[in-house]
Every structure is written in structure tokens, then in C-alpha cells.
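Readers should treat all values here as calculations from the given coordinates under stated rules, not as data from a laboratory. The structure presented is a predicted model; accordingly, all values stated were derived computationally and were not measured. All Cβ positions, glycine included, derive from the backbone under ideal geometry; neighbour counts span all protein chains shown.
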Amino acid sequence: MTRGKPLSFDRNTVLMRAMEYFWKHGYEASGITQLLEHMGIQRQSFYNTFGSKEELLFEAIDAYGKMVRLIFNDTCKDELSPFEKIDRLFVLWESMDSNGCFIGNCVAEFGTTHDKVAKLMGSQLSMLQNLFSSIFKDAIERGDLPADRDPMVMATTMMTYAQGLALLDKTTIDREQISGMVEVMKRSLKQ
């Protein structure tokens, strides 16, 4: 079997650039010429490496999910209490830039109109829900929350808060208001 010409670029770096571009501009508004320019690769290299703009989006969604899991694991170290983990996640969300959440942006752009994107989004959201649910299960087991709480409902509530913050952060709302809302959200999860 003959090997193809080696890549003249780092595939992961180029993929991250594509994700950033989709994240900022959306999929439909990302013209292939501008996307390639941002990625720093030639058209033929793009098609040889990724196949199509659609396949690139699928890879970008997958890469984002892996990045989120790494950030979550780094932010929510095992030695932290459940509510310390929650507090750290909110601090992280407060400090994010104003592009919102890539997954949330994709859900808003595609909804359920594209089967494969909807399936990928569902998978990413399910992964997040399970990560958050594990925090609330731990809080219940430790006695920090009442035993009648449903960790999945709590996790979905936390995801709703996170997506709301990501959406509001794309507006002109000021940091002081965001901080105030975060305090209300954290208190509601701890009751």
C-alpha cells in the first residue's frame, strides 16, 4: 500500500481553527474561501484531509466535546466537594469569551433539521448531562443535597443555566449583571 503525501500542516491545529471559525460565524455563514483562509490551508489539502465542509463540522463538534470533557475534568478535580466543583464551573463560564457555546450555537443553527448534526448534538449534550449529574449524585450521597433530588433534573438545570449564560454573554449585558445572575443560579442549585 502506498502512502499519500505527508500533510504540510498540523491536522489538529487546522481543525481547531475551523472549529473557531464555525463557532464565531456559524456553519451556513462560513464560506469555504474564508474558512480555508482562516484554517491556513489550500483547497485541495482541505478536501484531501477533511472531505467536505460538512465532514469538517462533524469533526469540529467531536473535537469540541473532547475539549469540554478535558476542561471539565481539569476544573472538577476529584478532591473538590460537589459544590466547589459547581462554583469552579461557574467561574469558568463567567470568564469565557463572547462567542457563546459552540454546541449551543450549533443547536440554535440546526435544531433537528440535520439528522447527523442533531445526533452529534444529542450525544454532546448527553455527555455534559452525565458529567453534571455525577456531581449532584455525589452531593446527595454526601448529604449536601436532600435524598429526594433527581441528579439528572439538577444536571439539566445546570446545563440550562450554562447555555443561558453563554447566550447572554453574546449580548451587551455587563459583567456585574452576569455575576449577580451566577450567584442566584449557584444558590438555587444548593437549596
For Lys186, list the lysines whose Cα falls under 22 Å from its own Cα; do not include residues on the same chain fewer than 8 positions away.
Lys77, Lys85, Lys137, Lys170
Considering the chain, what Rg and Dmax in Å follow from its alpha-carbon atoms?
19.0, 63
Projected onto the charge dipole of the chain (unit charges on the beta-carbon of Lys, Arg, Asp and Glu, signs +1, +1, -1, -1), the Cα from Leu56, Phe136, Leu189 with the largest positive-side position is that of Leu56
Treat every Asp and Glu Cβ in the chain as -1 and every Lys and Arg Cβ as +1, leave all other atoms uncharged, and give the resulting dipole magnitude about the Cα centre to the nearest 20 debye.
500 debye
Need the list of lysines near Lys53 for cross-linking: C-alpha distance under 19 angstrom, and skip anything on the same chain fewer than eight residues off.
Lys24, Lys116, Lys119
For the chain, what does the relative contact order come out to in percent, with C-alpha contacts under 8 Å and a separation of six or more?
21 percent
Whole number please: convex hull volume per residue of the Cα set in segment 45-99, in Å³?
99 Å³
With each label point set 7 Å from Cα along the Cα-Cβ vector, what nm distance links Arg149 and Ala108?
2.9 nm
